[in-house]
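This report concerns only the one structure given below.
The values are calculated or read from the model by the stated rules, or taken from the named source; none is laboratory data. None of the values given here were measured: they were computed from a predicted structure. Heads up, the Cβs are rebuilt from the backbone with ideal geometry, glycines too, and the neighbour counts pull from every protein chain shown. The area values use the complete protein model at the heavy-atom level, side chains included, leaving out ligands, DNA and RNA. Shrake-Rupley method; radii C 1.70, N 1.55, O 1.52, S 1.80 Å.
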Amino acid sequence: MDFTEDQIMRYSRHIILPEVGGKGQEKIAKAKVFMIGAGGLGCPVGYYLTAAGVGTLAMIDNDDVELSNLQRQIAHSTNTIGMPKVESAQATFGALNPDVNIVPLKFRLSKDNILDLIADYDIVIDGSDNFPTRYLVNDACVIAKKPLVSGAILRFEGHVTTVLPGDGHCYRCLFEEMPPPGLVPSCQEAGVLGVLPGIIGGLQAMETLKLILGKGDVLKETLLIYDALKTTFRKVKVRKNPECPVCGDNPSIKELQDYEANYCSS
Amino acid sequence: MEEIVSDKKIDIKGLKCPYTFVKSKLAIEGMEKGQVLEILLDYKEASNSIPKSMEAHGHKVLKVENINDTDWVLLIKKEKD
């Protein structure tokens with residue numbers, strides 16, 4: 001791939017790195033990533049991946065920007081309140097780096113559309129804020145064999161883990177079933193300190209770039225837990241569960257379920 | 001002394017760091033192992049930093065020569081992909 005003079009300047013700090021170089025930047029430029037959510041996590045993940053020059057960045061989110069988002073969702077602004085989040089984020093990312101093909105998808109992710117949506121992408125990044133989506137995305141990535149970089153935040157704590165289907169654990173090996181509704185509070189109920197998604201989203205973007213480059217160690221079979229109040233990072237080993245209902249030896253989940261209905265009726 | 005023949009030449013006069021190294025690195029990435037890159041530059045600091053960085057990347061510096069009041073010629077042998 002021939003870089004333009006502007007691209008050589010833009011990506012010079014990548015190209016200088018022995019682990020990246022022109023060849024690594026070319027891999028980044030060819031990568032297609034699919035992001036679930038354009039909120040707290042999606043904003044920093046998309047921002048950094050756009051800056052890094054990924055080839056295609058798709059993002060799906062059905063919400064509009066609200067004033068209460070702006071304490072943490074850094075791709076949106078006071079001027080974009082009321083606008084679909086994916087359009088607000090597209091404008092921000094597009095201004096940062098016109099090289100990136102940004103695909104905004106303003107509708108709900110479901111069991112009926114997810115496999116078609118992620119089919120053409122190399123890596124899926126989960127920045128969703130609810131359990132039905134998190135389990136839907138995990139199961140779809142296992143079935144479609146797509147690497148998944150998963151992140152979650154609440155109050156002062158964040159989690160990151162990387163699922164490589166067929167080569168390590170999945171989200172259900174870690175937490176087999178969704179917690180019952182009401183057990184785990186949402187950000188809406190419990191709050192979140194605004195910088196937290198920046199840190200967790202930054203880690204997700206870094207995991208994604210390492211997957212693209214094939215360099216370093218990703219959080220395979222590992223859950224990283226960040227405690228912002230104590231300023232600690234803990235790595236917890238997660239074994240692949242041979243009896244996992246989706247990625248185990250005899251999976252009971254072979255096609256996607258109605259996660260929303262299961263969640264509300266359980 | 002045997003004259004070293006370069007396989008590729010780049011003229012990066014007018015460029016400053018870090019673009020001096022960025023251009024040199026992109027040039028050497030596109031070459032085969034064992035081939036020699038000749039770099040012509042006029043940014044003094046780079047006559048020092050490019051050889052260091054090239055060695056850090058695993059390549060061999062064959063020559064660093066101040067050819068006149070303003071210019072340097074570097075010869076770098078590619079030793080690592």
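Counting only residues that are buried (at least 22 other Cβ atoms within 10 Å of the Cβ) and either within 10 Å of chain A (Cβ to nearest Cβ) or over 11 Å from A:Ile16 (Cβ atoms) (or both), region B:24-50 holds 7 of them.
Only strands (runs of 3 or more DSSP E) whose full extent lies in chain B are considered here, and the ones with at least 2 residues that are of a type in the set (A, V, I, L, M) are B:36-41, B:60-66, B:72-77.
Can you tell me which residue within region A:143-160, out of those that are part of a loop (DSSP other than H, G, I, E, B) and out of contact with any strand residue (DSSP E or B) (no Cβ under 6 Å at 6 or more places or on another chain), is nearest to A:Glu207 (Cα to Cα)?
For region A:143-160, the residue satisfying everything is A:Lys145.
Of all residues in region A:41-57, those satisfying the criterion of being surrounded by 19 or more Cβ atoms within 10 Å (Cβ to Cβ) and either within 14 Å of chain B (Cβ to nearest Cβ) or of a type in the set (Ser, Thr, Tyr) (or both) are A:Tyr47, A:Tyr48, A:Thr50. Among the residues of region A:166-188, those identified as open to solvent by 30 Å² or more (accessible area, probe 1.4 Å) and not aliphatic (A, V, I, L, M) are A:Gly166, A:Asp167, A:Phe175, A:Glu176, A:Glu177, A:Pro180, A:Pro181, A:Gly182, A:Pro185, A:Ser186, A:Cys187, A:Gln188. Evaluate the following for B:Asp81: is it free of Cβ contacts under 8 Å to residues at least 60 places away in the same chain, within 14 Å of chain A (Cβ to nearest Cβ) and either of a type in the set (Lys, Arg) or open to solvent by 80 Å² or more (accessible area, probe 1.4 Å) (or both)? Yes: the conditions hold for B:Asp81. Taken as a whole, region A:218-241 holds no residue that is closer than 28 Å to A:Met59 by Cβ, in contact (Cβ under 8 Å) with a residue 60 or more places away in the chain, open to solvent by 20 Å² or more (accessible area, probe 1.4 Å) and in a helix (DSSP H, G or I). Scanning region A:178-192 for residues that are without any contact (Cβ under 8 Å) to a residue 60 or more places away in the chain and part of a loop (DSSP other than H, G, I, E, B) yields A:Pro179, A:Gly182, A:Leu183, A:Val184, A:Pro185, A:Ser186, A:Gly191. I'd like the full set of residues that are farther than 15 Å from A:Asp61 by Cα and among the charged types (D, E, K, R), limited to region A:85-110. Across region A:85-110, the qualifying residue is only A:Asp99. Considering only residues that are open to solvent by 60 Å² or more (accessible area, probe 1.4 Å) and small (Gly, Ala, Ser), which ones fall in region A:189-217? Selection gives A:Gly214, A:Gly216. If only residues of region A:99-131 that are at pLDDT 95 or above and in a helix (DSSP H, G or I) are counted, the one that is farthest from A:Ala190 (Cα to Cα) is A:Asp116.
Go over the candidates B:Glu3, B:Glu55 one by one and state the one that is of a type in the set (D, E, K, R), without any contact (Cβ under 8 Å) to a residue 12 or more places away in the chain and either within 14 Å of chain A (Cβ to nearest Cβ) or open to solvent by less than 60 Å² (accessible area, probe 1.4 Å) (or both). Unique residue meeting the criteria: B:Glu55. Does any residue of region A:62-69 turn out to be crowded, with 24+ Cβ neighbours inside 10 Å, modelled with pLDDT of 95 or more and more than 14 Å from chain B (Cβ to nearest Cβ)? Yes, region A:62-69 contains at least one residue that is crowded, with 24+ Cβ neighbours inside 10 Å, modelled with pLDDT of 95 or more and more than 14 Å from chain B (Cβ to nearest Cβ). Considering only residues that are without any contact (Cβ under 8 Å) to a residue 12 or more places away in the chain and either touching a Lys or Arg at 6+ places or on another chain (Cβ under 9 Å) or within 10 Å of chain B (Cβ to nearest Cβ) (or both), which ones fall in region A:5-16? Across region A:5-16, the qualifying residues are A:Glu5, A:Ile8, A:Met9, A:Ser12, A:Arg13, A:Ile15, A:Ile16. Looking at region A:30-40, is at least one residue open to solvent by less than 40 Å² (accessible area, probe 1.4 Å), within 9 Å of another protein chain (Cβ to nearest Cβ) and either in contact with a helix residue (DSSP H, G or I) (Cβ under 9 Å, 6 or more places away or on another chain) or over 15 Å from A:Met206 (Cβ atoms) (or both)? There is no residue in region A:30-40 that is open to solvent by less than 40 Å² (accessible area, probe 1.4 Å), within 9 Å of another protein chain (Cβ to nearest Cβ) and either in contact with a helix residue (DSSP H, G or I) (Cβ under 9 Å, 6 or more places away or on another chain) or over 15 Å from A:Met206 (Cβ atoms) (or both).
Just need a number here: residues in region B:6-23 that are within 14 Å of chain A (Cβ to nearest Cβ) and of a type in the set (S, T, N, Q).
Counting residues in region B:6-23 that are within 14 Å of chain A (Cβ to nearest Cβ) and of a type in the set (S, T, N, Q) gives 1.
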